[in-house]
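Please read the structure below before turning to the comments.
The values are calculated or read from the model by the stated rules, or taken from the named source; none is laboratory data. These numbers were taken from a predicted model, which means no experiment stands behind them. In this analysis, Cβ positions are derived from the backbone assuming ideal geometry, glycine residues included, and neighbour counts consider all displayed protein chains. Heavy atoms of the whole protein, side chains included, go into the accessibility calculation; ligands, DNA and RNA do not. Shrake-Rupley method; radii C 1.70, N 1.55, O 1.52, S 1.80 Å.
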Amino acid sequence: MAFRVAAAQIKPRKAEVEHNLRRVGDVFAQATDMDPCPDVLVFPETVLSGYFLEGGVRDVAESRERVFEALQRQYEARGRPDSALDVVLGFYELRDGRYYNAALYATLVRGDAGGAVPCIRHVHHKFYPPTYGVFDEKRFVARGRALEAFDTRFGRAALLICEDVWHSITAAIVALKGAQVLYVISASPGRDFGGQVVGNLARWRLLLPGLAEEHSVFVVYSGLVGFEGGKGFTGTSRVIDPWGRVLAEGPDTEECLIAATVDLDEVAIARASSPLLADLEATLGDLVLELDAVARKPYRT
């Protein structure tokens, strides 16, 4: 199966959800003019509100149902006629009395889309909300408790948010659960400016191809751009194939819409050529015992 994926990096206005929804609608219209049109469109972390909100999270957080309804209205107004579009998008969610940094995967439909049904397919809650340096997430949001792969119209997928993928075990778990495409959304502020490349950009450029190659998955990454409180987000959205090759890449700081073709047949070919994931699966029993031992008696320096 081959399909077209696009990653949008845009500058949201801090805490202005309605404005940011209209900007998402603008991207729907922009995607309509692409040839070919994308089948999946990926937006960054917290794109509906901006990232550094602290206690303001409670003012912008919405249920997944209301976010989906708002996106569906935008697509009905701005999307390609008689079409369906799968969308990945970051937002702050209010769920069961708690606030979460969330990623939504949904199918949006306009008119007659050949039987496609508008629906929410999955919502992921950030598993590792950082609280160090410029980050203070755990003071204001709860952390997610699950790492899932799920079925879509375009293969089996997983969602991870920013620091989730700085811990390699998360990508390993969702790959073992069958993910063929890993959608990573991020609001990554630039830091460590002492080298030739901004420190966090250097890390992303090593990390994402490494995850793709180790687990033989496609990685689609969408990064926020713009400034909040003097902190600049570093974009560099990209699409990476199962051999770790970059198929498309956006700039560091500018708004853009990038696109590439994802052919899921390449996942099977890559996994046959480099069976690292199969080796991991074969040793799961022993790894579970080792992890249990660590949980019962963690090593301390």
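Scanning region 155-177 for residues that are part of a helix (DSSP H, G or I) and open to solvent by 60 Å² or more (accessible area, probe 1.4 Å) turns up TRP166, SER168, ILE169.
The C-beta contact set for region 220-243 (first residue under 15 Å from VAL165 (Cβ atoms) and without any contact (Cβ under 8 Å) to a residue 12 or more places away in the chain, second residue of a type in the set (Lys, Arg) and open to solvent by 10 Å² or more (accessible area, probe 1.4 Å), distance under 6 angstrom, 6+ apart or interchain) is empty. Return the residue satisfying two criteria in turn: it lies in region 98-125 and is open to solvent by less than 40 Å² (accessible area, probe 1.4 Å) and outside any strand (DSSP E or B), and of such residues it is modelled with the lowest pLDDT. The residue in question is ALA113.
Matching residues to (1) open to solvent by 70 Å² or more (accessible area, probe 1.4 Å); (2) of a type outside the set (D, E, K, R); (3) out of contact with any Leu (no Cβ under 7 Å at 6 or more places or on another chain); (4) touching a residue at least 40 places away in the same chain (Cβ under 8 Å):
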| residue | (1), (2), (3), (4) |
| --- | --- |
| PHE127 | no, yes, no, yes |
| THR131 | no, yes, yes, no |
| GLU137 | no, no, yes, no |
| GLY144 | no, yes, yes, yes |
| PHE150 | no, yes, yes, yes |
| ARG153 | yes, no, yes, yes |
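The listed residues are LEU280, LEU284, and the only one of them that is of a type outside the set (Val, Ile, Thr), more than 16 Å from ALA212 (Cα to Cα) and either modelled with pLDDT under 95 or touching a Leu at 6+ places or on another chain (Cβ under 9 Å) (or both) turns out to be LEU284. Could you say whether any residue in region 86-97 is over 20 Å from GLU16 (Cα atoms), at pLDDT 95 or above, surrounded by fewer than 16 Cβ atoms within 10 Å (Cβ to Cβ) and of a type in the set (Lys, Arg)? Scanning region 86-97 turns up at least one residue that is over 20 Å from GLU16 (Cα atoms), at pLDDT 95 or above, surrounded by fewer than 16 Cβ atoms within 10 Å (Cβ to Cβ) and of a type in the set (Lys, Arg).
Remark: pairs (first residue in region 161-177, free of Cβ contacts under 8 Å to residues at least 40 places away in the same chain; second residue charged (D, E, K, R) and buried (at least 17 other Cβ atoms within 10 Å of the Cβ); Cβ separation under 7 Å; 6+ apart in sequence or on different chains) = ASP164/LYS126. Applying a threshold of 6 Å to beta carbon distances and a minimum spacing of six or more residues, or different chains, the list of pairs starting in region 85-111 at a residue that is farther than 19 Å from ASP151 by Cβ and in contact (Cβ under 8 Å) with a residue 12 or more places away in the chain and ending at one that is open to solvent by less than 30 Å² (accessible area, probe 1.4 Å) and of a type in the set (Lys, Arg) reads ASN101/LYS126.
Looking across region 120-139, the residues that are within 19 Å of the chain's Cα centre (by Cα) and over 14 Å from SER186 (Cα atoms) come down to ILE120, ARG121, HIS122, VAL123.
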